[in-house]
Every structure is written in structure tokens, then in C-alpha cells.
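Take a look at the structure below.
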Amino acid sequence: MSGAKPSPTETEDMQQTHTMPNLPGAKTAFSWEAFLSLGFRPFYIAGAAYAAISVPLWVASIIGFVDINGPLDGVLWHSHELIFGFAVAILIGFLYTAVQNWTGRKTPNGLVLGGLLGMWLAARILLFVGSGPLGSLGQIIDLLFLPLAALGIAIPLYQAKNTRNYFTVALLLVLAVGNGLFHAIALDMVSYDGADVFLWAVDVFAIFITVIGGRIIPLFTNNALGVRRAVRSQRLEDVIGLGMVLLLVSDIYYGLTYEAATIRAVGLLVLAGLHFFKMGLWQPQITWGKPILWILPVSYAWLPIALLLRAGALLDMPWDQVLAVHAITVGSMAGMMLAMMTRSALGHSGRPLVPTWVEITIYYLIVASAAVRVFGILLYPEGYFVVLGVSALCWVGAFGLFTGRYWGIVTRPRF
């Protein structure tokens, strides 16, 4: 979050455009070498598939069709897996790909990358079905995954002296601490509330969105449209970044309680205003004709919307803070992830950055999922399960389409 300029390799990665056509029948065979060549390939597809599977499992468990037999109970499992299952997988895939471009040094690939993927997958299975020793084994594997995965970016960043991006390692370690707390709660080792851990884990992802989004959205907009109308202010980025870190500290201390509600609400309102001002500098209206562009500011916008909703909840408006958290998880996190997953998977596989009807449908579905999950509850509170079901269907549709469309892309060599 410093004021340093992007490195040449980082800028080149952000500016990638590809015009090579997607030739029918070219390199159609599955390739383990290709699949494990770069982090985005296994972790994007694994994270997306898990997102499409885990939410229906959660809904099925709510209505009694499925039992979660692992060491985490129903609500704790859902909260944990949304962050440390689905979201962490996508984040690791993104960081392994980005850090290699930022530093010019290799991030985990081949057998090492495959081993990390195996750990992630084993943890998901055992935390859902494993009881007794198998459940404990799943917890151990899950606890080891994030610190080991963090080494995969810490080493190349340190070797390249890329101090600008050291914050990514620090945030992964904060997530590792949160993961440890989740498992300690499940084992009755601490009295901390799992919902509070979930909140500040979401804050960590919000910081990633704030920093990375602040770098790439105006850059992508200007490059794609051939204009310099989207403006980025480093001073504003630093102020907002500091504000997001203070929000994380506040949420670690207060959690979802209503203590110091007024002062916290004022802080949230100020922070939301700064985010909206930052977005105004991007002039997002110029992206409306380009789905691969507009999905970025639209997804980012859910972050200040969530801050406004949290402020309202603290000021006794007729909704709770959990609604605001879902605005971030479904709207901002999932939206930004799908935006970057489609874009970087196309670019790094040598395909043109031109969305097909599949990508456009993915974007509309995830926006719809967030809008229904947040505003549907506000407008139709008595229809909670209907709203939840419609939002879940849109979510599953978005990530299911990504999985189906991109399986053939991430498992085959680059064009």
C-alpha cells in the first residue's frame, strides 16, 4: 500500500492483451504439465467447482436433507468453508500467478503445486464427512495449508525485494490465524464467536479488493478504451488502505457486537464515502458497453454498499450486520473473483480478452445473486428461504458456468 510505482513486470501483467484466436481443435488433450504449470489453473477451477457444490450443500443442510458430519457444525462449517475453502483457493491461485509476474520468479508449480492442491482438497472432504480421527486429520491438514501456501509467495517476493507486495504475505498469515481460531472454537478451546472470526476474515479480503482493485480497475479501463479518463490517486489509496486496516483492527476487537456503535458507524460512513469518491475518479460509466470492464467497478461498489449497511445496522436500522457481510462476500468478493478469474484465465492461456455469452451470463448471475441476497431480504423478509434459494441458484449458475467453460482452458497448454 506504499506509494511506489508498479514494477515493469507488474505493469506488463496488468496490461496484458491477447489477440491470438481460439482455434478449434487446437491442443485439446488434458495435460497434467499444463494444469500444474501456474497457480491459477488448479486453484481457480477447484475453487469455482467447490463454490458451486458447497452452497447447495449448505442450503440442503438447513432444510434437513444433508448432514454435515465433520468437526465443524453447520453454521461454523458454512462460514469456514466460504472463506477458507472457496475464497482462499481463488486467492492463492491469483497470488501465485500475479507474484510470478510481479517478480519474474517462479511460484509453486508441478508436484509442489499438486501437493498443495491435494492438501486443500483433502481438507475439504475430511471437514465435511470426517468424524473422530479423520475429522482431526482434516483440521491438521487445513491448518497447515495456509502457512505453506504463503511460503509460495513469500520466497519470490523476498528474493526479488518486492516490498510493495509484502502486505499479501502478512494478510495470508492473518487469515491463517483466523483459520486456527475457527478450529479452536470447534474444539471448545476458546470462547470466541465464530461469526466474529468470519467478519474479520472477510475484512482481510476487503483489504485485498481495496488495494488490488485500486491498482487494476483504472489501468484496465484506460488501456481497454484507449483513454486516460480513469484517475488513480495514490494518496487516496493510502488513506483508504489505512482505513480498511483500522476497520480490521476494530472488528477483531468488537466483532459483530453493538459496542461503541455510534463512533464505529461514523467511521464506516466516512470510509464508504472515500470508497465512492475513489470510484468516481474511475468514471465507471465509461465501461458500461464492455462487460469484461464493468463487472470490476460493479463488484467493487458492493464494498462501500456493505460499509453503509453496517453503519445503518449499528445505528438501529431494521437489518443486522450479517446482511452487510453478505454484500461483501457475494457481491464484492465473488464478483471481483469471477471478474479476475475469467480475465486472467483467458489472458494467461493466450486467448483474446473478449467475453462470450458464457462470461457475460456469469457476470449477470453473480450480480443478481448479490442483489437478491441483500435487497431481497430487505424487501421481502418473510420470504427468507425463497430469497436464499434464488440467490443460491444464481451463485451456483455463475460458478457452475465458470467450471464448465474453463475446465478445458486450464487443463490444456497455452495457445
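Using +1 at the C-beta of Lys and Arg and -1 at the C-beta of Asp and Glu, which of Ser54, Val88, Leu134 has the Cα lying farthest in the positive direction of the dipole of segment 27-192?
Positive-end residue among those listed: Val88.
Expressed in nm to one decimal, what extension gain is obtained for the pair Asn69 and Ala122 from 0.36 nm per residue of sequence separation less their Cα-Cα distance?
Working: separation 53, 0.36 × 53 = 19.08 nm, distance 1.50 nm.
Full extension of this stretch gives 17.6 nm more.
Would you list the P(r) distribution for the chain, with all Cα-Cα distances sorted into 20 Å bins from 0 and each bin expressed as a whole %?
Each 20 Å bin holds this share of Cα pairs: 27, 62, 11, 0.
List every residue whose amide H lies under 5 Å from the amide H of Ser233, counting only residues 5 or more places away in sequence or on a different chain, with H placed 1.01 Å from N in the peptide plane.
none
Where the centre of each part is set by its Cα atoms, how far does segment 112-152 sit from segment 300-358, in angstrom?
27 Å
In the chain, what is the count of Lys pairs whose alpha carbons are under 21 Å apart, counting only pairs at least 8 residues apart or on separate chains?
Numbers: Lys5/Lys161; Lys5/Lys278; Lys106/Lys161; Lys278/Lys290.
Lysine pairs satisfying the spacing and distance rule in the chain number 4.
Within 13 Å, Cβ to Cβ, of Leu256, how many net charges do the neighbouring residues add up to if Lys/Arg are +1 and Asp/Glu are -1?
Numbers: positive: Arg264, Arg310; negative: Asp193, Asp196, Asp203, Asp251, Glu259, Asp320.
Here the charged neighbours net out to -4.
Tell me, what is the percent relative contact order of the chain, built from C-alpha pairs under 8 Å that lie six or more residues apart?
Result for the chain is 22 percent.
Among Thr342, Pro304, Val270, which residue has its Cα positioned farthest towards the positive end of the charge dipole of the chain, with +1 placed on the Cβ of Lys and Arg, -1 on the Cβ of Asp and Glu, and the dipole taken about the Cα centre?
About the Cα centre, the residue reaching furthest to the positive side is Thr342.
Among Ile185, Leu248, Gly226, whose Cα projects farthest towards the positive end of the dipole of segment 185-262, with charges put on the beta-carbon of Lys, Arg (+1) and Asp, Glu (-1)?
Result: Gly226, furthest along the dipole toward the positive end.
Would you mind checking the radius of gyration and Dmax of segment 27-192 based on alpha-carbon positions, in Å?
Taking only Cα atoms of segment 27-192, I get Rg and Dmax of 16.6, 54 Å.
Could you tell me the distance between the Cα centroids of segment 47-68 and segment 167-238, to the nearest Å?
Comparing the Cα centres of segment 47-68 and segment 167-238, I get a distance of 25 Å.
Could you give the DSSP H helices of the chain that reach 18 angstrom or more along their long axis (alpha carbon positions) and whose average Kyte-Doolittle hydropathy is no lower than 1.6?
110-129, 167-186
For segment 334-384, what is the largest minus smallest coordinate of the Cα atoms on each principal axis, given in angstrom and ordered from greatest to least?
Sorted from largest, the Cα extents of segment 334-384 read 48, 18, 10 Å.
Treat each spin label as a single point 7 Å out from the Cα along the C-beta direction, and report the Val190 to Leu137 distance in nm.
The modelled label-to-label distance comes out at 2.7 nm.
Taking only DSSP H segments of four or more residues, each worth -39500 (n - 2.57), what value at 222 nm results for the chain once the sum is divided by all its residues, to the nearest 500 deg cm²/dmol? Before the final figure, lay out each step's value.
Details: 16 runs with 286 residues, N = 415.
Only helices count here, giving -23500 deg cm²/dmol.
If all Cα-Cα distances of segment 168-266 are sorted into 5 Å bins from 0 onward, what percent lands in each bin, rounded to whole numbers?
2, 11, 17, 18, 15, 13, 9, 6, 4, 2, 1, 0
Give the peptides 79-86, 113-120 in descending order of average Cβ contacts within 10 Å, highest first.
Listed from highest to lowest mean packing, they are 79-86, 113-120.
Compute the relative contact order of segment 267-336 as a whole-number percentage, counting only Cα pairs closer than 8 Å that sit 6 or more residues apart in sequence.
36 percent
Computed from the coordinates by the stated procedures, all read-outs in this text should not be read as laboratory data. Just so it is clear, the structure is predicted and the values come from calculations on it, not from any experiment. So basically every Cβ, Gly included, is an ideal-geometry build from the backbone, and we count neighbours across all protein chains shown.
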